[in-house]
Amino acid sequence: MKTEISYRFESSQIANRFVHMLKNWPVNEVKTRLFNGGDSVKVTYKSDEGGFDYTSAELDDLAEKHGGKEV
């Protein structure tokens, strides 16, 4: 199942750092895209259909460390 999550950051610079960190992210293969003037990031990945979505939890934690919030 394809899952999309969007995060908003305080600046485009911080959003770009988040995108860069996900380029070599070991948890799951994700695709990223900047939008909304560059201060927001859309993350797309394949999630397992059964059970808890650990990828989503890991992404939320990583975004929070950079001051990002899910939108």
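Summary table below
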| read-out | value |
| --- | --- |
| Members of region 31-46 that are over 16 Å from Ser11 (Cβ atoms) and surrounded by fewer than 18 Cβ atoms within 10 Å (Cβ to Cβ) | Lys31, Arg33, Lys42, Thr44, Lys46 |
| Test: Thr44 is at pLDDT 90 or above, within 13 Å of the chain's Cα centre (by Cα), part of a strand (DSSP E or B) and of a type in the set (S, T, N, Q) | yes |
| Residues located in region 1-47, provided they are over 14 Å from Lys69 (Cα atoms) and among the hydroxyl-bearing types (Ser, Thr, Tyr) | Thr3, Thr32, Thr44, Tyr45, Ser47 |
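The values are calculated or read from the model by the stated rules, or taken from the named source; none is laboratory data. The shown structure was predicted, so the numbers you read here are calculated from the model rather than taken from an experiment. Counting neighbours? That spans all protein chains shown, and the Cβs are built from the backbone with ideal geometry, glycine included.
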